[in-house]
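Contents: one structure, followed by commentary.
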Amino acid sequence: MRVLALETSCDETAAAVVDDQGNVLSDVVHSQIAIHAPYGGIIPELASRDHLRNAEYVVREALSRAGIVDVGSVDGIAVTCRPGLVGALLVGVQVAKALAFATDLPFVGVDHLVGHLLAVRTIRPGTATAVPAYPYLALLVSGGHTALYRVDGPLLTDIREIGATRDDAAGEAYDKTAKLLGLGYPGGPTIDRLAHEHEALATGERRDEEPFTLPMLRGFEFSFSGLKTQVAQRVAKQPEILGNPARIAAVCAAFQEAMTRVLVQKLFLAAEAEGVPRVVIGGGVAANRGLRARILRVAKKRNVEAYLPDLASCTDNAAMIGYAGAMRLVRGERDTLALCAESRTSLPRTTRKGRGERV
Amino acid sequence: MSQKSTYFLGIETSGPVGTVALIRADGGTLTLLGRRESAVRNAHGEALLPLVDAVLQEAGIPLRSLSAIGVGVGPGSFTGIRVALGTAIGLRLATGVPLVAVNAFDALEEAAGAPSSGVVITVLDALRGEVFVRIRNGNQTLTEPSTVTAAAVDVLFEGCCVAAILGPPSASLTTQTSLRAADEPDAVAVARLAARRPPTDEPEPLYVRPPDISVAKPKKQN
């Protein structure tokens, strides 16, 4: 089964053709980073306008790269319908529904988070990545989400949230920290690079910053707003940091150390608690080199299998949506032309945002 | 009657009421075959394709046999404009049926039978106490569409030598030359214009208003 998928939930306009084995036949992503960068964050109306401008192009390109002349010759259509910016999601949802209506092809909406959790199972040409069997423990880390899930299968009902962030998402903490350090938007890749450069220095030339306190909550919940505040306080107390690239890099390394340590620790603790012998990651922050290296290190030590998706499968893409959609379609699931975009995920949540007891 | 009938669909969701219409063209004669509407606010995305389906089914006209699809591109609700355009783009991708972009001013004029010569001022409710305005003289557009307060329209054009001011009953127009138009553009007019115009290769939304962007003020350095 070949599925054409669209993804417009945030700041990437994407289309892909995938089969139900996870083979990525084409994957086209148009990024809006340059549009939002001047504002230091994503402007929803600008995102929606740009999605509309590029939707037709990415679909045509995805079809042509997959060698498909007629849309009607694929076996199904999938689209991200939640969670995300409603106005942005709506563009993809309308285009996808119109394609499904006009071709009479089976059609499903996909939860973006399910897409990220299954992204590690997509296979890109030229890469020989092994694919994890079920069940696996997944750490989803992006600019909008940070949570741990137990994944027993490819459907919504097979996925259970173990714990999530109480406040900022990991990627959000990266962006805010980068802003504090004057590093621009998006912050994750820059902090990762500077931390890497700092750690590559010889012991003699390297002056580490005082480490940040680990933002450790009980159980499998995360909190990252405090980590960002620690950076803000350090910079306020020692403003000379900002004028010194070496010190900025050292702060990045200390921030990344605290961030990845907490994420990785909880991922493996959750796998142990659930009795699951394999871990995976997904989401934009899963492309972070420091995080990937630490996971591989700990996995080896603990004798747990770790699966890291290709970098192209970490950031938002339509291939993962196509695969998640194919999993629904092969089981006979369908959505109607009245499907609408929703801002919230359909995955049940266990962690409440904000302070207070868990419910 | 040697000429074959051709069929045109119109979709228009830029205002509170979303509409779909199908017309038949026999030479220059246009006949309305069906029209559906949905007045549920913020739900054009859910309603539109089921309405298209109903209109086509009722008339027994397959989507692929349409000669063109007219699509309302605003100005109006940003989201509504994208519902219509996103849908139209998907339909064209799948079928190759060409699109014809129709802006809301033209649709209002078409519906009201505005004069083709002379100065015509067309006004659309833009909410927030403002109206979208376009001024043309014959087929020459004198101003790019813009937003002004409703009261300013009256003040500006009172006693001017205009052929018609076209505006919805909800806009506070008092100028004597006013032609009252419908409150918002309708798919029937959109479909009729689609039948008379060449296809639009790249239909562009007519937002008029820039996006609302509030940027945090930079913090004062001590």
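The values are calculated or read from the model by the stated rules, or taken from the named source; none is laboratory data. Quantities reported herein were computed from a predicted structural model and do not represent experimental measurements. Here Cβ is always computed from backbone atoms with ideal geometry, including for glycine, and neighbour counts include all displayed protein chains.
The set of residues from the stretch B:126-144 being charged (D, E, K, R) and surrounded by fewer than 22 Cβ atoms within 10 Å (Cβ to Cβ) comprises B:Arg128, B:Glu130, B:Arg136, B:Glu144. Being at negative phi, surrounded by fewer than 24 Cβ atoms within 10 Å (Cβ to Cβ) and modelled with pLDDT of 95 or more is a property that does not hold for B:Leu91.
From A:Tyr134, A:Tyr149, grab the single residue that is out of contact with any Ser or Thr (no Cβ under 7 Å at 6 or more places or on another chain), hydroxyl-bearing (Ser, Thr, Tyr), assigned to a strand (DSSP E or B) and farther than 19 Å from A:Ala173 by Cβ.
On the way: A:Tyr134 fails: assigned to a strand (DSSP E or B).
A:Tyr149 is the lone residue from the list that is out of contact with any Ser or Thr (no Cβ under 7 Å at 6 or more places or on another chain), hydroxyl-bearing (Ser, Thr, Tyr), assigned to a strand (DSSP E or B) and farther than 19 Å from A:Ala173 by Cβ.
In the set B:Ile81, B:Ile121, which member is in contact with a strand residue (DSSP E or B) (Cβ under 9 Å, 6 or more places away or on another chain) and within 14 Å of chain A (Cβ to nearest Cβ)? Break it down into steps so the answer makes sense when it comes.
Values: B:Ile121 fails: within 14 Å of chain A (Cβ to nearest Cβ).
Only one candidate passes the filter, namely B:Ile81.
Exactly one residue among A:Ser48, A:Ser64, A:Ser31 is away from every other protein chain (no Cβ under 13 Å) and either farther than 28 Å from B:Asp201 by Cα or among the hydroxyl-bearing types (Ser, Thr, Tyr) (or both), and that residue is A:Ser31.
Within the stretch A:224-237, the set of residues being in contact with a helix residue (DSSP H, G or I) (Cβ under 9 Å, 6 or more places away or on another chain) and not charged (D, E, K, R) comprises A:Phe224, A:Ser225, A:Leu227, A:Gln230, A:Val231, A:Ala232, A:Val235.
Scoring A:Arg328 on the criteria (1) touching a Lys or Arg at 6+ places or on another chain (Cβ under 7 Å); (2) farther than 19 Å from A:Ala169 by Cβ; (3) away from chain B (no Cβ under 14 Å); (4) buried (at least 17 other Cβ atoms within 10 Å of the Cβ) leaves a single failure, condition (1). Of all the residues in the stretch B:54-78, those that are within 12 Å of chain A (Cβ to nearest Cβ), surrounded by fewer than 24 Cβ atoms within 10 Å (Cβ to Cβ) and of a type in the set (Val, Ile, Thr) number 0.
Of the strands (runs of 3 or more DSSP E) contained entirely in the stretch B:78-158, those carrying at least 2 residues that are in contact with a helix residue (DSSP H, G or I) (Cβ under 7 Å, 6 or more places away or on another chain) and without any contact (Cβ under 8 Å) to a residue 60 or more places away in the chain fall at B:119-125, B:130-137. The condition of being assigned by TED's automatic domain parsing to the domain that holds B:Ser67, among the acidic types (Asp, Glu) and more than 15 Å from B:Ala84 (Cα to Cα) holds for B:Asp26.
Tally up the residues in the stretch A:67-79 that are closer than 28 Å to A:Arg331 by Cβ and either of a type in the set (Val, Ile, Thr) or at the interface with chain B (Cβ under 8 Å from one of its Cβ atoms) (or both), please.
Of the stretch A:67-79, the ones closer than 28 Å to A:Arg331 by Cβ are A:67-68, A:70-79.
From what's left, either of a type in the set (Val, Ile, Thr) or at the interface with chain B (Cβ under 8 Å from one of its Cβ atoms) (or both): A:68, A:71-72, A:74, A:77, A:79.
Residues in the stretch A:67-79 being closer than 28 Å to A:Arg331 by Cβ and either of a type in the set (Val, Ile, Thr) or at the interface with chain B (Cβ under 8 Å from one of its Cβ atoms) (or both): 6 in total.
Does at least one position in the stretch A:282-305 carry a residue that is modelled with pLDDT of 95 or more and within 14 Å of another protein chain (Cβ to nearest Cβ)? No - not one qualifying residue is present in the stretch A:282-305. Helices (runs of 4 or more DSSP H) fully within the stretch A:277-359 that include at least 1 residues being closer than 22 Å to A:Asp20 by Cβ and in contact (Cβ under 8 Å) with a residue 40 or more places away in the chain: A:311-314, A:319-330. Restricting A:Glu161, A:Glu197, A:Glu172, A:Glu205 to residues that are part of a strand (DSSP E or B) and charged (D, E, K, R) narrows the list to A:Glu161.
Listed residues B:Leu22, B:Leu30; which is touching a residue at least 60 places away in the same chain (Cβ under 8 Å), surrounded by fewer than 20 Cβ atoms within 10 Å (Cβ to Cβ) and in a strand (DSSP E or B)? Explain how you work it out, then say what you get.
On the way: B:Leu22 fails: surrounded by fewer than 20 Cβ atoms within 10 Å (Cβ to Cβ).
When all the criteria are applied, what remains is B:Leu30.
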